[in-house]
1. Would you list 106, 70 from fewest to most Cβ contacts within 10 Å?
2. Mind ranking 125-134, 87-96 by how tightly packed they are, going by the mean number of other C-beta atoms within 10 angstrom, highest first?
3. Just from its helices, what would the mean residue ellipticity at 222 nm be for the chain, if runs of 4 or more DSSP H residues each count -39500 (n - 2.57) and the sum is divided by every residue, rounded to the nearest 500 deg cm²/dmol?
4. Only counting other Cβ atoms within 10 Å, I'd like 67, 44, 85 sorted with the fewest neighbours first.
5. Kirkwood Rh, region 6-173, all Cα pairs: how many Å?
6. Report the label-to-label distance for residue 82 and residue 166 in nanometres (one decimal), using points 7 Å from each Cα along the Cα→Cβ vector.
7. Can you work out the FRET efficiency for the pair residue 8 and residue 28, with r the C-beta to C-beta distance and R0 = 30 Å, to the nearest 0.05?
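What follows is calculated from the coordinates using simple rules that are stated; it is not laboratory data. Being a predicted model, the structure only gives us computed values, none of them experimental. Counting neighbours? That spans all protein chains shown, and the Cβs are built from the backbone with ideal geometry, glycine included.
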């Protein structure tokens, strides 16, 4: 996972609450391999018409938001299925930070494990961000994870909430597996001491 500390980019406004993971990444694409690149599946029901053509009314199909790397959304973003494909497709599209008043817990954890910053701001400030992002002239934002703040030319500095442990993992580029492997020597020491002190448990675990 790539570390992230500060990111500047175009923010796309998506003023909808309860955007679920099936809207972000539809179920019919679940058999696609992660390595195949999932950007085209991102918000597929909104980006494409039934005949497969692009929907010109959807924000991510219009410049400059077709190159957005920050998403501003409504409350309870990422609800529904726990599928990790949702942050995968967002990452492959180019998103590195999400701004919302609330994220679904499992989706938020999946974002943290894939290098996407889930920044929580009050609803009133999200409303301001949505308005600013909707104007191409003011759509550029900076999400500074080091300082826990969003910066904008007209809105100024907006602090956002993120747990310190989550912030640290993103800054260092560590997912949950990386964190566990960093403790491997301690785990092995504990296992060895446990086996020495209670060999009957180790024998039972071996099937003896």
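1. Details: 106 17, 70 26.
If I rank by nearby Cβ atoms, fewest first, I get 106, 70.
2. Details: 125-134: 18.8, 87-96: 22.0.
With the highest mean Cβ count within 10 Å placed first, the list reads 87-96, 125-134.
3. Details: 9 runs with 73 residues, N = 208.
Roughly -9500 deg cm²/dmol at 222 nm, from the helical runs in the chain.
4. Values: 67 12, 44 16, 85 22.
So the residues, fewest neighbours to most, are 67, 44, 85.
5. Details: mean 1/r = 0.0631 Å⁻¹.
Value: 15.8 Å, from the Cα pair sum.
6. Taking the two extended label points, one gets 1.7 nm.
7. Values: r = 35 Å, r/R0 = 1.15.
So, using R0 = 30 Å, E works out to roughly 0.30.
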